[in-house]
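Novice: Can you keep this structure in mind? I'll have questions shortly.
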Amino acid sequence: QVQVVESGGGLVLPGGSLRLSCAASGSIFSVSVMGWYRQAPGKQRLLVATVTSGGLTTYADSVKGRFTISRDNAKNTVYLQMNSLRPEDTAAYYCNTVPLPLLSWGQGTQVTVSS
């Protein structure tokens, strides 16, 4: 069974940066579109960025120009570089397949942007 483990979150000041990692297991990873989702308290989980196995990317308007998604197929890892962080970016961040989240959800990694 394919599993994902997210890491790299933390507490950061507004304007700061973080780099999230998602380590996945299983053969599905190299052929799937992967994405980062986030869920703020009391809100639904939303897709914020996607990357194809060939490296093509898409972004939600709320993060465009600030976040960069990438993947290393050899390491079965997806990354999310987050710059110019804002308080509204505060959420638990998860990775999964796109367009449907076919993998079991990981624990996620908490990102808190606050002064």
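Novice: Kindly establish whether Ser32 is at negative phi, among the polar types (S, T, N, Q) and either loosely packed, with under 14 Cβ neighbours inside 10 Å or modelled with pLDDT of 95 or more (or both). Break it down stepwise before answering.
Specialist: Working: at negative phi: yes; among the polar types (S, T, N, Q): yes; either loosely packed, with under 14 Cβ neighbours inside 10 Å or modelled with pLDDT of 95 or more (or both): no.
So Ser32 does not fit the description; no.
Novice: Next question. Residues Leu47, Leu11: which one is touching a strand residue (DSSP E or B) at 6+ places or on another chain (Cβ under 9 Å), surrounded by fewer than 16 Cβ atoms within 10 Å (Cβ to Cβ), of a type in the set (A, V, I, L, M) and part of a strand (DSSP E or B)?
Specialist: On the way: Leu47 fails: surrounded by fewer than 16 Cβ atoms within 10 Å (Cβ to Cβ).
Exactly one residue qualifies, and that residue is Leu11.
Novice: With respect to Ala23, is the statement that it is of a type in the set (A, V, I, L, M, F, W, C), open to solvent by 20 Å² or more (accessible area, probe 1.4 Å), within 14 Å of the chain's Cα centre (by Cα) and at pLDDT below 95 true?
Specialist: On the way: of a type in the set (A, V, I, L, M, F, W, C): yes; open to solvent by 20 Å² or more (accessible area, probe 1.4 Å): yes; within 14 Å of the chain's Cα centre (by Cα): yes; at pLDDT below 95: yes.
Here the answer is yes, as Ala23 does meet what is asked.
Novice: Write out, first by first residue and then by second, each pair whose Cβ atoms fall under 7 Å of each other, whose residues are 6+ apart or on separate chains, and whose first residue, in the stretch 101-113, is farther than 14 Å from Gln1 by Cα while the second is open to solvent by 50 Å² or more (accessible area, probe 1.4 Å).
Specialist: Between residues of the stretch 101-113 that are farther than 14 Å from Gln1 by Cα and residues that are open to solvent by 50 Å² or more (accessible area, probe 1.4 Å), the close pairs are Thr109/Ser7; Thr112/Leu11; Val113/Pro14; Val113/Arg86; Val113/Pro87.
Novice: In the stretch 66-98, which residue that is within 25 Å of Pro41 (Cβ to Cβ) and open to solvent by 40 Å² or more (accessible area, probe 1.4 Å) is nearest to the chain's Cα centre (by Cα)? Don't jump to the end; show me each part of the working.
Specialist: Of all residues in the stretch 66-98, those within 25 Å of Pro41 (Cβ to Cβ) come to 66-67, 69, 78-98.
Then keep just the ones that are open to solvent by 40 Å² or more (accessible area, probe 1.4 Å); that gives 81, 83-84, 86-88.
Numbers: Gln81: 9, Asn83: 13, Ser84: 16, Arg86: 16, Pro87: 17, Glu88: 15 Å.
Per the stated criteria, the residue is Gln81.
Novice: Also, I was wondering about something else. Being modelled with pLDDT of 95 or more and either in contact with a Leu (Cβ under 9 Å, 6 or more places away or on another chain) or within 20 Å of Leu102 (Cα to Cα) (or both): is that true of Glu6 here? Full working, then the answer.
Specialist: Details: modelled with pLDDT of 95 or more: yes; either in contact with a Leu (Cβ under 9 Å, 6 or more places away or on another chain) or within 20 Å of Leu102 (Cα to Cα) (or both): yes.
Spelling it out, Glu6 is indeed modelled with pLDDT of 95 or more and either in contact with a Leu (Cβ under 9 Å, 6 or more places away or on another chain) or within 20 Å of Leu102 (Cα to Cα) (or both).
A quick yes/no check of all residues on (1) assigned to a loop (DSSP other than H, G, I, E, B); (2) modelled with pLDDT under 95:
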residue: Ser53; (1), (2): yes, yes
residue: Thr58; (1), (2): no, no
residue: Ser62; (1), (2): yes, no
residue: Ile69; (1), (2): no, no
residue: Ala74; (1), (2): no, yes
residue: Tyr79; (1), (2): no, no
residue: Ser84; (1), (2): yes, no
residue: Glu88; (1), (2): no, no
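Novice: Taking the stretch 55-65 only, how many residues are open to solvent by 50 Å² or more (accessible area, probe 1.4 Å), under 11 Å from Met34 (Cα atoms) and more than 13 Å from the chain's Cα centre (by Cα)? Write out each step before concluding.
Specialist: Going residue by residue through the stretch 55-65, those that are open to solvent by 50 Å² or more (accessible area, probe 1.4 Å) are 56-59, 61-62, 64-65.
Restricting the remaining residues to those that are under 11 Å from Met34 (Cα atoms) gives 56-58.
In the following step, the residues that additionally are more than 13 Å from the chain's Cα centre (by Cα) were identified as 56.
Within the stretch 55-65, residues that are open to solvent by 50 Å² or more (accessible area, probe 1.4 Å), under 11 Å from Met34 (Cα atoms) and more than 13 Å from the chain's Cα centre (by Cα) number 1.
The values are calculated or read from the model by the stated rules, or taken from the named source; none is laboratory data. Remember, predicted model here, so these are calculated numbers, not experimental data. Positions of Cβ are generated from backbone atoms using ideal geometry, with glycine treated the same way; all protein chains shown enter the neighbour counts. Areas reflect the complete protein model, heavy atoms only, side chains present, ligands, DNA and RNA absent. Shrake-Rupley method; radii C 1.70, N 1.55, O 1.52, S 1.80 Å.
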